[in-house]
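Taking it in order: structure first as structure tokens, then the write-up.
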Amino acid sequence: MSDDRDPTPYDALLLLSFGGPEGPDDVVPFLENVTRGRGIPTERLKEVGQHYFLFGGVSPINDQNRALLGALRKDFADHGLDLPVYWGNRNWAPYLTDTLREMTRDGHRRIAVLATSAYASYSGCRQYRENLADALATLEAEGLELPRVDKLRHYFNHPGFVGPMTEGVLRALADLPAEVREGAHLAFTTHSIPTAAADTSGPVADHGDGGAYVRQHLDVARQIADAVRAETGTEHPWELVYQSRSGAPHIPWLEPDICDHLEERHGSGVPAVVMVPIGFVSDHMEVLYDLDTEATAKAAELGLPVRRSATVGADPRFAEAVRDLVLERAATERGVPAERCALGALGPSHDLCPIGCCPARAPRPAAAGADSPYA
């Protein structure tokens, strides 16, 4: 095997995602998993679950992960990369602990982990690392020989993520009526999080107003807007906006909300808006409900033409990017120089989350970082 196809020391890849219900009876148990420890009554969970019930109680995220799993396996096979790919979720079957147990029993001892979250934040990175630590603790209690797990770096600025997103914007613009296309604004959307969590996202050196979370999204938005201008010859004004807020009203979260933004754009005479979900890897519930349903309804109420661009999903270029990330990290672990692909001003992210990176409100063990209790 040539060095550029050598995954050593890794003997498997774990696709780690959020999970979602796959039928009406799953919705409340799924939400109980997501909110465990917060004391939220079942009746409130049923209210929250209405978003899922509108779609038959099925989140699209699991099918999308199956598609990505297939795309990764095909890409690896097509390029001679002998690395099995498994899939586990934080909040629904297949559960992370079950998948990690299966991988351990299959003999895997060095596992690369791809989380379906591209940016730095507690919920998008450290919480996944805490879940990995919880799973490893369970396997340790069962007497199993523990594998080493390494989470792959953030890929928000990898060409295989930015390129498909850019093409999605171009297609969405082309789908707008010709008379409003040139004046369309771009609304880059991502999941709102508490401002306190944003301010402490990323390594300690990145902490501050919005932290790494906001800076990374702004960098991606700027790249896409510049690429769209280069392709079309038109400067489309843009802004980073937020969606899917779920916290208590008295706690500050990142703003503006997408619906408020659409109302403000319409009031200022903007003829059309393209919503660009750069914060999401696939078209899961936050995209289908908060953008395709709620925000689109708000735009219709205003008489504002809108389009929503595609996420990367199982795009072959994203699968290629994952292969690149695996081989890059593998070479680094072997002490071999490796090209680290990254667009924009921020450069490639760190491999190992340092101490103080995206801290939790209540400290918990987290694997695959400098503070990991598991070597």
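The values are calculated or read from the model by the stated rules, or taken from the named source; none is laboratory data. Keep in mind the model is a prediction, meaning the values are calculated, not measured. Positions of Cβ are generated from backbone atoms using ideal geometry, with glycine treated the same way; all protein chains shown enter the neighbour counts.
Points to keep in mind about this one:
- Checked against (1) surrounded by fewer than 21 Cβ atoms within 10 Å (Cβ to Cβ); (2) in a loop (DSSP other than H, G, I, E, B), GLY20 passes all but a single condition, namely (1).
- The condition of being on the phi > 0 side of the Ramachandran plot and either of a type outside the set (Lys, Arg) or surrounded by 13 or more Cβ atoms within 10 Å (Cβ to Cβ) (or both) holds for only one of GLY369, GLY356, that being GLY356.
- Residue under evaluation ALA297, criteria (1) farther than 25 Å from HIS158 by Cα; (2) surrounded by 18 or more Cβ atoms within 10 Å (Cβ to Cβ); (3) not basic (Lys, Arg), criterion not met: (2)
- Of the residues making up segment 39-46, at least one is polar (S, T, N, Q) and at pLDDT below 95.
Condition check ((1) touching a strand residue (DSSP E or B) at 6+ places or on another chain (Cβ under 9 Å); (2) aliphatic (A, V, I, L, M); (3) assigned by TED's automatic domain parsing to the domain that holds ASP209; (4) not in a helix (DSSP H, G or I)) across all residues:
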position: ALA225; (1), (2), (3), (4): yes, yes, yes, no
position: ALA230; (1), (2), (3), (4): no, yes, yes, no
position: GLY247; (1), (2), (3), (4): yes, no, yes, yes
position: GLU255; (1), (2), (3), (4): yes, no, yes, yes
position: VAL270; (1), (2), (3), (4): yes, yes, yes, yes
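- Residues in segment 1-57 that are under 23 Å from the mean Cα position of the chain (by Cα) and of a type in the set (Lys, Arg): ARG36 only.
- The residues in segment 171-210 that are in contact with a strand residue (DSSP E or B) (Cβ under 8 Å, 6 or more places away or on another chain) and in a helix (DSSP H, G or I) can be counted, and the count is 4.
- Test: residue in segment 295-302 that is in the same structural domain as GLU179 (by TED's automatic domain parsing), at pLDDT 95 or above and more than 26 Å from PRO60 (Cα to Cα): yes
- If you filter segment 173-217 down to residues that are over 26 Å from VAL228 (Cβ atoms) and polar (S, T, N, Q), you find that the one that is surrounded by the fewest Cβ atoms within 10 Å (Cβ to Cβ) is THR195.
- Filter result (within 23 Å of THR8 (Cβ to Cβ) and polar (S, T, N, Q)) within segment 69-118: THR99, THR104
Rundown of residues vs (1) part of a helix (DSSP H, G or I); (2) polar (S, T, N, Q); (3) within 25 Å of ALA212 (Cβ to Cβ), yes/no style:
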{"site": "ILE278", "(1), (2), (3)": "no, no, yes"}
{"site": "SER282", "(1), (2), (3)": "no, yes, yes"}
{"site": "ALA300", "(1), (2), (3)": "yes, no, no"}
{"site": "GLY313", "(1), (2), (3)": "no, no, yes"}
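- For segment 36-56, the criterion of a residue being of a type outside the set (Gly, Ala, Ser), crowded, with 20+ Cβ neighbours inside 10 Å, within 30 Å of THR200 (Cβ to Cβ) and touching a residue at least 60 places away in the same chain (Cβ under 8 Å) is satisfied by no position.
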